[in-house]
Amino acid sequence: MKPFRLILRIHRILGTVLSILFLMWFLSGMVMMYHSYPSLSNEARIAHAEQIESCDTLVHSQPTPPLSALSLQQVAGRPVFTMTDSLGETLVDALTGQPVSRFSSAELQHIANRWQSPHVYANQATLIDTLNAIDVWLIGVMPFKEYPIYHYDLNDTVGSELYLSSRTGRPLQLTDTKSRFWAWVGAIPHWIYITKLRATGRQPWTNTVLWISGFGIAMTLSGLIIGLRSVCLAHRRIVRKKGISPYAKPLLRWHHLAGLCFGLFVLTWIFSGFMSLADAPQLIWPTHEKHSARDVYADSLQLNRFTLDINHVLATDDVRRVEWLQMGTHCFYHVWTATDEYLVNATDSFPRRTTLTSRLCESIIGGKAEIINHYDNYYISQKRQLPLPVCRVKVDDADQSTYYINPKTGDCRYYNSNRRAGKWMYTGLHALNIPFFVEHPTLRKSILWALLLGGTAVSVTGLLLSIRYVRRLLHRQKAK
C-alpha cells in the first residue's frame, strides 16, 4: 500500500471512531471556560469548621517513628490531632490521647448540620446514603481510604449535597443542582469521568485517556498531511479551477478548509490534553535530582522546638485549624481562622504573627531569593487565586530548581526544567495560561471561543463524513 493511501485510511478509520468524541470535547470545553467539576475548597472547609477549644499539650517525648506532619482541628465537638508518620495517618483525641478510628453517625450528623444555610427546608441535614464505593461526584477526590462515606442532603433552596469521611470527619465534596448540571455537560464528558474507570484507582482512567488522546493525535496529524497535500494538488490545477481546495463536494470542501484553518489548533489542543496526564520527556528535559516542594519543610518535626504553648495561640483568635510547620530549623504554627490564615513564631514567648523574609527563604533553600508582586510564566492563575506577593527562590542546580513560597503562610510550589516544559505543553497550549492573557482575560476568552468554534466545525464536518463513510461500508456489505 502506498504511504499516502495508508495515511488516508488511518485518518478515515480513526476519524470514524473519534469524531464524535472530538465534538464532545470541543462543546464541553466551551462549558468549562465558565464551569468546572465541583470541588470543595479549603477556604470553605475552614469557614464551616468549629472553633478549637483548649487542648492538652502533646507529650514532650519525641514520637516513634517521628512525625512528618501534625495538625489540630475541632471535629464534632472535640479537638483532634492528625499525626502523619512513615506508617501513615493517625487521628488522636487531644483531650484523652486515645486514637480515633471512626466518627459515629451522630458525630457526622453534627458536622453536616454546620453546613446548612439559613434558608433550609428542615432543621437538620438528611442522610441520603452510606457509600462504600465511589460515585461520580467523588471521582476527583479519590476517597478510597475514607469508606464508608456519608452522603447528606442539606435541604436548602439550591439542592446542596455534602459528602463526609467517616474516618476523619472531613468534608470531601459539596455539590448543588447548578454545579451538577454544568458538570454533566462540561467536566464529566470532557474528562471522561466514568465511574467504573475510577472505581479502583487513577491508573485505569489515566491509561484510557492517554490511549484515546494518542490515537487522536495520529488522526489529526494524518488529517493535516492530507489537507496540505490537497492544497498542493489544487495549486497544480489552479488554471482550470480557482481555490485552494480540490474537493468539489461541499461537505468534503468544508472539512478540508476548516482543517486547514484550525487543524494545527486541534493538534496542539489534543496534544496538550495528552500532556495533562503525562510528564515532559526525560530524554529532552531530564530530571537529575528528586526535588519537590517538600524540600522547604523538615522531614521530621522536632516537637521540642515548638516552645510556645498552643493553647496561647488558641486563646488569641477564632482558630479553626493549626498545623505544626518546620522550615529548616525555623518553627511556626500555621493558623487558619474563619477569615484568614497566617504564621505564628512557635519559639516566641507569646503569640505573634510573622512573615517569611527573602533572607530566611534563602537560608532554608539556598540559591537567590526575591519577593515578587506579579505572576510569572509558572506562578500564575487565570482566576488570580494564587496569592501575591510571593518569594521566588532560584537555585543554580542541574535542574534549575525554582521554589515559590508564600511569605504569609509558608505554602510552597516547585518547578524544575522538566515541570516547566510540561506546564507550557499543558496549560500554556490548552488554556493559554500565560501572563499576557491573565492581564487580558477578555482577549483570552475571545481567542478561545474562536478556536473552539473552529475545532467544532472540523469535528462536525468530520462526523458527517464519518456517517457517510459507515453507510457506504454497510451498503457494500449488503451488496455482497
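The values are calculated or read from the model by the stated rules, or taken from the named source; none is laboratory data. Bear in mind the structure is a predicted one, so any value in this text is a computation, not a measurement. Virtual Cβ from ideal backbone geometry, glycine too; neighbours counted across all protein chains shown. Quick note on the areas: whole protein, heavy atoms, side chains included, nothing else; ligands and nucleic acids left out. Shrake-Rupley method; radii C 1.70, N 1.55, O 1.52, S 1.80 Å.
Mind sorting out which of (1) -0.79, -1.48; (2) -0.61, -1.64; (3) -0.56, -1.41 is the real log10 I(q)/I(0) by the Debye sum over Cα atoms at q = 0.09, 0.14 Å⁻¹ computed from the coordinates? Of the labelled values, this structure produces (1).
Taking every alpha-carbon pair under 8 Å whose residues sit at least 6 apart, the stretch 262-404 reaches a relative contact order of 17 percent. With protein chains left intact and a 1.4 Å probe, residues in the chain average 53 Å² of accessible area per residue.
What part of the accessible area of the chain, given as a whole %, is carbon or sulfur when the probe is 1.4 angstrom?
Within the chain, the accessible surface is 58 percent carbon and sulfur.
Estimated from helices alone, the mean residue ellipticity of the chain at 222 nm is -13000 deg cm²/dmol (sum of -39500 (n - 2.57) over DSSP H runs with n ≥ 4, per residue). When the chain is described by a simple charge dipole with +1 on each Lys and Arg Cβ and -1 on each Asp and Glu Cβ, the residue from LEU264, SER401, SER104 located farthest towards its positive end is LEU264.
The spacing between the stretch 133-164 and the stretch 35-49, judged by their C-alpha centroids, is 13 Å.
Under 8 Å for C-alpha pairs, at least 6 residues apart: give me the relative contact order for the chain, rounded to a whole percent.
With pairs under 8 Å counted, the relative contact order is 18 percent.
Summing Lys and Arg as +1 and Asp and Glu as -1 over all other residues whose Cβ lies under 14 Å from the Cβ of THR157 gives a net charge of -3. Relative to one another, the C-alpha centroids of the stretch 392-414 and the stretch 305-382 are positioned 15 Å apart.
Take every pair of alpha-carbon atoms less than 8 Å apart whose residues are at least six positions apart; their mean separation over the length of the stretch 396-480 yields a relative contact order of 13 percent.
Pull out a ≥ b ≥ c, the square roots of the eigenvalues of the alpha-carbon gyration tensor of the stretch 117-186, then state rounded if a/c is under 1.5, prolate if not and a/b is larger than b/c, and oblate in the remaining case. Judged from the Cα gyration tensor, the stretch 117-186 comes out oblate (a/c at least 1.5, b/c at or above a/b). Figure legend: label point modelled 7 angstrom from the Cα of MET33 along Cα→Cβ; residues of the stretch 409-443 with amide N under 11 Å from it are 442-443. Tell me the net charge near ARG419. Cut-off is 12 Å between Cβ atoms, ARG419 excluded, with +1 for each Lys or Arg and -1 for each Asp or Glu. Local charge sum for ARG419: +1. Full extension of the chain segment joining ILE371 with ILE284 gains 28.2 nm, where the gain is 0.36 nm per residue of separation less the Cα-Cα distance. The residues SER276, SER19, sorted by heavy-atom accessible surface at 1.4 Å with ligands and nucleic acids left out, run SER276, SER19 from largest to smallest. Full extension of the chain between ASP396 and ASN42 yields a length gain of 124.1 nm, computed as 0.36 nm times the residue separation minus the alpha carbon distance. Coupling constants for the stretch 70-87 follow from the phi torsions by the Karplus curve (6.51 cos²θ - 1.76 cosθ + 1.60, θ = phi - 60°), and in residue order they are 8, 9, 9, 8, 8, 10, 6, x, 9, x, 10, 7, 10, 10, 10, 9, 5, 8 Hz; glycine and proline get x.
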